[in-house]
Amino acid sequence: MSVLVTGGARSGKSSFAERLCMQHSSEAWYVATAQAYDDEMRERIAMHQHQREASGYLWHTTEEPIHLPALISRMGEGHTGTSAPTILVDCLTLWLTNVLLAHEHDEKQVLQAHLDALVEAIRTYPGLLVLVTNEVGDGIVPEYALGRKYRDLAGVLNQRIAAICGEVFLVTVGIAIELKSKEYRL
């Protein structure tokens with residue numbers, strides 16, 4: 001089963017996602033999509049690593065900034081639901097940033113192919129897959145074209161992933177609310 005955890009910056013998404021993994025299995029893979037381009041980001045990454053180590057839970061960490069669909073597919077190969085490793089991906093919007101910057105000048109279809117591949121990898125993963133993403137569409141309209149493109153792609157990505165996940169949590173002020181069970185359907 002796949003679970004999407006969304007919310008604003010510093011809302012408690014990652015902490016909730018980590019606790020969710022801890023509740024469901026004795027160990028998990030932590031797939032980090034962030035790239036440390038500056039000191040501030042290196043400090044954030046180190047803080048998250050320290051928190052995971054201090055938890056006493058068995059985390060296996062790997063970094064995958066761009067080829068996330070292939071990694072998820074590889075990790076699910078040959079497994080059934082109970083034998084597949086639990087995976088936490090943190091986070092999809094950083095992955096999208098990496099893909100967008102790598103393919104900024106490519107045709108729209110190239111970006112769409114990356115999104116399609118991720119959706120398919122998530123849809124077919126046989127085990128528990130917890131995905132963290134940012135809700136970026138609640139703010140102001142970005143001033144620059146690339147920012148607007150990113151915001152729009154993030155909205156599309158989040159909607160597509162939410163549609164295939166068994167549970168979707170919105171985390172705000174450290175409180176998680178499961179949305180799919182409360183969804184109003186027309």
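Quick look at the numbers
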quantity	calculated
Residue within the stretch 10-29 that is open to solvent by 70 Å² or more (accessible area, probe 1.4 Å), at pLDDT 90 or above, at negative phi and part of a loop (DSSP other than H, G, I, E, B) present	yes
Matching residues, the stretch 30-67, being surrounded by 14 or more Cβ atoms within 10 Å (Cβ to Cβ), part of a helix (DSSP H, G or I) and among the hydrophobic types (A, V, I, L, M, F, W, C)	45
Of all residues making up the stretch 153-178, the number that are closer than 19 Å to residue 88 by Cβ and not small (Gly, Ala, Ser)	11
Selected residue (only one of 111, 96, 100 is open to solvent by less than 40 Å² (accessible area, probe 1.4 Å), assigned to a helix (DSSP H, G or I) and closer than 22 Å to residue 17 by Cβ)	96
Flag for residue 163 being surrounded by fewer than 15 Cβ atoms within 10 Å (Cβ to Cβ), modelled with pLDDT of 95 or more and either under 23 Å from residue 1 (Cβ atoms) or out of contact with any Asp or Glu (no Cβ under 6 Å at 6 or more places or on another chain) (or both)	yes
Considering residues of the stretch 83-93 that are of a type in the set (S, T, N, Q) and either part of a helix (DSSP H, G or I) or open to solvent by 40 Å² or more (accessible area, probe 1.4 Å) (or both) only, the residue nearest to residue 127 (Cα to Cα)	83
Some residue of the stretch 68-82 being among the polar types (S, T, N, Q), outside any loop (DSSP other than H, G, I, E, B) and modelled with pLDDT of 95 or more	yes
Every residue from the stretch 123-149 that is part of a helix (DSSP H, G or I) and open to solvent by less than 50 Å² (accessible area, probe 1.4 Å)	147
The lone exception for residue 161 - which of (1) more than 24 Å from residue 67 (Cα to Cα); (2) β-branched (Val, Ile, Thr); (3) within 16 Å of the chain's Cα centre (by Cα) it fails	(1)
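The values are calculated or read from the model by the stated rules, or taken from the named source; none is laboratory data. The model shown is predicted, which means the values in this text are computed figures rather than measured ones. Positions of Cβ are backbone-derived with ideal geometry, glycine not excepted, and every protein chain shown enters the neighbour counts. Each accessible area value is taken on the protein alone, full model and side chains, heavy atoms only, with ligands, DNA and RNA left out. Shrake-Rupley method; radii C 1.70, N 1.55, O 1.52, S 1.80 Å.
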